[in-house]
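Values quoted throughout were computed directly from the atomic coordinates according to the rules given, and no laboratory measurement underlies them. Remember, predicted model here, so these are calculated numbers, not experimental data. Cβ atoms come from the backbone with ideal geometry, glycine included; neighbour counts cover every protein chain shown.
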Amino acid sequence: MTQINEFSLSLFTQWAREDLADLSSVAEGWYVEYKQEVPNASSIAKSITALANTYGGWLFYGVAEKSKDDAVAGAFPGVSREDADGVLQRIRQAVANHSQPSPYFRARALFGPAERLGLAESCGRRIRASS
């Protein structure tokens, strides 16, 4: 299995959309969390704060688990490209408004197309790093 942990945070700026395929061998755990959709503000802040209060890690939006028994990335539905700026702003506001003190985190969107993942040009994946 691929190891993604707090020490791979430098990969944040190096990841490309094709690299998301590696998540099919990365199970959710201490350092990685998958969310198929972007949740409400309170849930966003809770997830990012939880990562920041432990060892840091990665929070991916637009990525679904394969199954309850196999918690690796199984599908990449993404999030609409036209919603990207609004979603990134919503995440920043959620953390600022729902956590005190606000933890440091970085947010980035990766966009299609990526045929191997089934990611259309009109969609993107959200990739978050929190530490």
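Given Cα pairs under 8 Å that are at least 6 residues apart, what percent is the relative contact order of the range 8-104?
Computed value for the range 8-104: 31 percent relative contact order.
Going by average Cβ neighbours within 10 Å, how do the peptides 88-94, 72-78 rank, with the highest at the top?
In decreasing order of mean packing, 88-94, 72-78 become 72-78, 88-94.
Please order Asp19, Asp70 by the number of other Cβ within 10 Å, starting at the fewest.
Lowest to highest Cβ neighbour count: Asp70, Asp19.
Using DSSP to call loops (not H, G, I, E or B), can you name the chymotrypsin sites (Phe, Trp or Tyr not before Pro) in the range 20-69 whose Cβ has at most 14 other Cβ atoms within 10 angstrom?
In loop regions of the range 20-69 (DSSP not H, G, I, E or B), the sparsely surrounded chymotrypsin sites (Phe, Trp or Tyr not before Pro) are Trp30, Tyr55.
For the pair Phe12 and Ala96, how long in nm is the line joining their label points, each one 7 Å along Cα→Cβ?
Label at Phe12, label at Ala96, 1.7 nm between them.
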